[in-house]
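Note sheet for the following structure.
What follows draws every value from the coordinates through simple rules; no lab data is involved. The shown structure was predicted, so the numbers you read here are calculated from the model rather than taken from an experiment.
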Amino acid sequence: MAPTLPLLVVTGPTASGKSSFALALASRLPVEIITVDSAQVYRGMDIGTAKPSADERASVQHHLIDVVDPSEPYSAARFAADAAPLIDDIRGRGRLPLLVGGTMLYLRALLEGLSVLPPADPALRRALSAEAETLGVPALHARLAAIDPEAGTRLHPNDWQRIQRALEIHAVTGRPATAAYGAATTVPRLGPILRFVFEGPERAVLHQRIADRFHRMMREGLLDEVRALHRRADLHPQLPSIRSVGYRQLWRHLDGELDLEDAVEAGIAATRQLAKRQLTWLRRQPRDRRLPEDRDLAIAHVIEDVGRLASERPPRQA
């Protein structure tokens, strides 16, 4: 039996150039791209999520873009459930599945599994949201810190999405969310995996790229894109879609909380913080191969590793 085709994983911080690298890699290897991005899954959120263009999607098959409406939450568990069969389908076509993106929780859910947690409870979430509107998110963060000190320390007092989920888990299970997340996981069997990190340029250059990209998005119509979402009665700032970097800052501008210049600067600052968190996570993955910024050399490294794995008998298993 021929060795199983490897699953390729390319991660890196936002604005590092990993998406363009993946497209360049697709010109040398028969890949299909599975996007690992918690914002690109939402329809109608195109400019601010830096989705690949129509031409780019026509040149290389992309998966898990425009999956759901912004009114519908999309989770790491759902991503893992959606991505696993895609990997098999792509291999079945004789092609290499290539995971590309920077949503590390999604990646961890797929590659390492997630703890078995209770499903979302819509009624409980509505009740918690009503409390947050009345008391403020920091008050509910203080409540969480009292029942789960580790989560209280780890989560920012305004990180409503995660605070709400932690309170929901405690209410449903009677256990702190920290304990629930630490429970045993079911790790999916994904066959041989080659993992690469595309860190991009040094921090100062990356920060400038982030600022330049945000200003370019504004010129391309990002504010109008957010305004169209803001007009919808079914969307609100507690939804995961609207909490995406860039969208939540411009939403605050449209709510009258920030002037436009401050909202843009807040969006740039939030994107830089995201890049910092991504780099911190990636540096804790010592087994991942670091790719040089030189694109041709990085592609050569990936091709070399694919060739080496293909010559192994039997293939390594995840």
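Gyration tensor analysis over the Cα atoms of the chain returns equivalent ellipsoid semi-axes of 34, 25, 18 Å (largest first, whole Å). For the stretch 122-181, how big is the tail of P(r) above 19 Å, as a whole percent of Cα pairs? When every Cα pair of the stretch 122-181 is considered, 18 percent fall beyond 19 Å.
With 0.36 nm allotted per residue and the present C-alpha distance subtracted, the Q285-A81 stretch has 71.1 nm of extension available. Sequence-ordered 3J(HN,Hα) estimates for the stretch 91-99 from the Karplus curve with 6.51, -1.76 and 1.60 and θ = phi - 60° stand at 4, x, 8, x, 10, 8, x, 10, 7 Hz, glycine and proline given as x. Volume per residue for the stretch 69-164 equals 134 cubic angstrom (convex hull of Cα atoms). Result for the chain in a Gaussian network model with C-alpha springs under 10 Å: among S20, S38, S244, the largest mean-square fluctuation is at S20.
With the largest listed first and rounded to whole Å, the semi-axes of the equivalent ellipsoid of the stretch 207-318 from the Cα gyration tensor are 40, 17, 14. Extension gain, L29 to R203: 0.36 nm times the residue separation minus the Cα-Cα distance gives 59.6 nm. If you run the Gaussian network model on the chain, springs between alpha carbon atoms under 10 Å, then out of E257, E72, E133 the most flexible one is E133. For the chain, the longest principal axis of the Cα atoms and the long axis of helix 295-310 meet at an angle of about 70 degrees.
Remark on L258: its backbone amide H falls under 5 Å from those of H253, a criterion applied only to residues 5 or more positions apart or on other chains, H modelled at 1.01 Å from N. Return the single residue from L254, L96, L110 with maximal mean-square fluctuation; model: Gaussian network over the chain, springs between Cα atoms under 10 Å. Fluctuation is largest for L254.
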